[in-house]
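Asker: Before I ask anything, here is the structure I am working with.
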Amino acid sequence: MANDHLYALIMAGGGGTRLWPLSRRAHPKQTLRLFGERTMFQLAVDRLRPLLPMARIFVVTAAEQVAPLAAQVPDLPRENFIIEPMGRGTAPCIGLSALHLRRRDPEAVMAVLTADHFIRREATFREALLAAAQVAEEGYLVTLGIEPTYPATGYGYIERGALLEEVSDFPVYRVAQFREKPDAATAMAFLADGRYSWNSGMFIWKVSRILDEMRRLMPDLGATLAELSAALEGENYEARLSHLWPQVRKETIDYGVMERAQRVAVLPVEMGWSDVGSWAAVMALHEADEAGNVSLGEHLAVATERTMVFAEGKRLIATVGVRDLIIVDTPDALLVTTPEASQQVREVVRRLREHGREDVL
């Protein structure tokens, strides 16, 4: 049975610029169908349904995203959408959401998740959340660490220290330190060492604990949250939020809290996780044919190897004599890249923004 005080917060903001041209400002990554008929946001909710009632699943997002996201999951209570006036990084976003959860349940344990991750082994994910919630009840800030399967340079890492306990067959370790995204040689060393996990960006803690740490480590944010907490009980919450939020300094939860917090634990887990951070990641999560090709749309492949075609419309894409390509076709923009270079798609978005091409952003 799920912990009666366990709540999920799905962070559903961000633009997903690395998945341009499919991901746009009006249609960010979490609203896209990249794996079958369900969107990333729908999948994020679906994997929580066996664990939590819909009343205990919350979403934090921008105001303009509430309607499309609510339409995708109509049984999610509308009052469970928390609106952030503008992006200020994960630390303020989580702090604001923690206020709302504390108001609902002062004893709440909060699982911070995101709407744009892919998890293949969903039952393992739910079991890990329950185990982490038990550790969080003991006063720890818990992060889910992903057991690395290759020397990734695109993720931060968590170095584990002493074993704290074992919960439901999951070992739980004290965090020794968080490490930045490494170069290739360092990533190889991390993998060989065996004490490092990928930093998934998924956290579980009591709302009282995370708010206490924010007051201690981010006093300016703590003061703003205290003012907003008082306003939540009155008539002027939205006005105060609109006034105060632009003044909040941008900060990630890792820099703002986790790297300096007390009693931080990591629960390593292998659950078929991907942050779907590039078109190469999308390609890797689909089954390829005998030539290594992935066809998402109508694709005629002649002498083509290790190539993905993602066709949003009905146009036929034919490839002849090519290999190691990613082709993404939308009605108003076409992307051609390689798996190795697909992380650099955000540079395309940056340049389009510089040139005022809002029509394709």
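Asker: Excluding Pro85 itself, what net charge comes from residues whose Cβ is under 12 Å from its Cβ, given Lys and Arg +1 and Asp and Glu -1?
Answerer: On the way: positive: Arg88, Arg240; negative: Glu64, Glu84, Glu238.
Computed value for this residue: -1.
Asker: About its Cα centre, what dipole magnitude does the chain give when the only charges are +1 on Lys and Arg Cβ and -1 on Asp and Glu Cβ, stated in debye to the nearest 20? Before the final figure, lay out the partial values.
Answerer: On the way: 40 positive and 48 negative charges, 119 e Å.
Result for the chain is approximately 580 debye, rounded to the nearest 20.
Asker: In addition: Does the range 24-159 come out rounded, prolate or oblate by the C-alpha gyration tensor, with a ≥ b ≥ c the root eigenvalues, rounded set by a/c under 1.5 and, if not, prolate when a/b is larger than b/c and oblate if not?
Answerer: On the way: a/c = 1.38, a/b = 1.10, b/c = 1.26.
Here the range 24-159 falls in the rounded category.
Asker: Moving to a separate point now. Test of the criteria: in the range 204-275, which trypsin sites (Lys or Arg not before Pro) are in a DSSP loop and have at most 14 other Cβ atoms within 10 angstrom of their Cβ?
Answerer: Those satisfying the criteria are Arg249, Lys250, Arg260.
Asker: Let me ask you something else. Hand me the GluC sites (Glu not before Pro) from the range 174-266 located in a DSSP loop with no more than 13 other Cβ atoms within 10 Å, in residue order please. Intermediate results must be reported in sequence, preceding the final value.
Answerer: Numbers: sites: Glu180, Glu213, Glu227, Glu233, Glu235, Glu238, Glu251, Glu259; in loops: Glu180, Glu233, Glu235, Glu251, Glu259.
Filter output for the range 174-266: Glu180, Glu233, Glu235.
Asker: Within the range 43-72, whose backbone N sits under 16 Å from a point 7 Å along Cα→Cβ of Leu285?
Answerer: 43-48
Asker: Based on alpha-carbon centroids, what's the gap between the range 73-92 and the range 149-221 in Å, whole number please?
Answerer: The range 73-92 and the range 149-221 have Cα centres spaced 25 Å from each other.
Asker: Right, next: Which GluC sites (Glu not before Pro) from the range 293-361 combine a DSSP loop assignment with at most 14 other Cβ atoms within 10 Å?
Answerer: Working: sites: Glu298, Glu305, Glu312, Glu340, Glu347, Glu354, Glu358; in loops: Glu298, Glu312, Glu340.
Sparse-neighbourhood loop GluC sites (Glu not before Pro): Glu298, Glu340.
Asker: Continuing with this model, one more query. Let me confirm the definition first: pairs of Lys residues in the chain, 8 or more apart or on different chains, C-alpha distance under 25 Å. How many are there? Please list the in-between numbers first.
Answerer: Values: Lys29/Lys181; Lys29/Lys250; Lys29/Lys314; Lys181/Lys250; Lys206/Lys250.
Counting lysine pairs in the chain gives 5.
Asker: Run the numbers on the chain and let me know its relative contact order in percent, using alpha-carbon pairs under 8 Å that are six or more apart. Numbers along the way, then the final one.
Answerer: On the way: 677 pairs, mean separation 69.6, N = 361.
It comes to 19 percent, rounded to a whole number.
Asker: While we're looking at this one, here's another question. Given the options Leu316, Leu141, Leu48, which has the most mean-square fluctuation in a GNM of the chain, springs set between C-alpha atoms less than 10 angstrom apart?
Answerer: Answer for the Gaussian network model of the chain: Leu316.
Asker: Hey, rough spin-label estimate for Arg121 and Arg195, points 7 angstrom out along Cα→Cβ, what's it come to in nanometres?
Answerer: 2.4
Asker: With springs connecting C-alpha atoms under 10 Å apart, model the chain as a Gaussian network and identify which of Ile204, Ile327, Ile158 has the largest mean-square fluctuation.
Answerer: Answer for the Gaussian network model of the chain: Ile327.
Asker: I would also like to ask the following. What's the magnitude of the charge dipole for the range 133-230 around its Cα centre, counting Lys and Arg as +1 and Asp and Glu as -1 at the beta-carbon? Answer in Debye, nearest 20. Show your work: numbers first, answer last.
Answerer: Values: 9 positive and 14 negative charges, 34 e Å.
Dipole about the Cα centre, nearest 20: 160 debye.
Asker: Taking a ≥ b ≥ c as the square roots of the eigenvalues of the Cα gyration tensor of the range 206-361, is the shape rounded (a/c under 1.5), prolate (a/b larger than b/c) or oblate? Let's see the in-between values first.
Answerer: Working: a/c = 3.27, a/b = 2.04, b/c = 1.61.
Note, shape of the range 206-361 comes out prolate.
Asker: Now for a different question. Using a simple charge model, +1 on the beta-carbon of Lys and Arg, -1 on the beta-carbon of Asp and Glu, nothing else, what dipole does the range 237-295 show about its Cα centre, in debye to the nearest 20?
Answerer: Numbers: 5 positive and 9 negative charges, 138 e Å.
It works out to roughly 660 debye.
Asker: Here is a follow-up. Full extension from Ser168 to Arg216: what is 0.36 nm times the residue separation minus their Cα-Cα distance, to one decimal in nm?
Answerer: Numbers: separation 48, 0.36 × 48 = 17.28 nm, distance 3.22 nm.
Fully extending the segment from Ser168 to Arg216 adds 14.1 nm.
Asker: Among Leu241, Ala63, Ser197, which residue has its Cα positioned farthest towards the positive end of the charge dipole of the chain, with +1 placed on the Cβ of Lys and Arg, -1 on the Cβ of Asp and Glu, and the dipole taken about the Cα centre?
Answerer: The Cα lying farthest towards the positive end belongs to Leu241.
Asker: To the nearest 10 degrees, how steep is helix 219-232 against the longest Cα principal axis of the chain, on a 0 to 90 scale?
Answerer: 80
Asker: Considering only the chain, what is the antiparallel percent among its DSSP beta bridges, to the nearest 5?
Answerer: Expressed as a percentage, antiparallel bridges in the chain total about 50.
Asker: Still on this structure, please answer the following. Considering only Gly272, Gly234, Gly14, give the residue with the highest GNM mean-square fluctuation for the chain, with springs between Cα atoms whenever their separation is below 10 Å.
Answerer: Greatest mean-square fluctuation among the candidates belongs to Gly234.
None of the figures in this text is laboratory data; all of them are computed from the coordinates on show. A quick note: this is a predicted structure, and the numbers were derived from the prediction, not measured. Methodologically, a virtual Cβ is constructed for each residue, glycine included, from the backbone with ideal geometry; neighbour enumeration extends over all protein chains shown.
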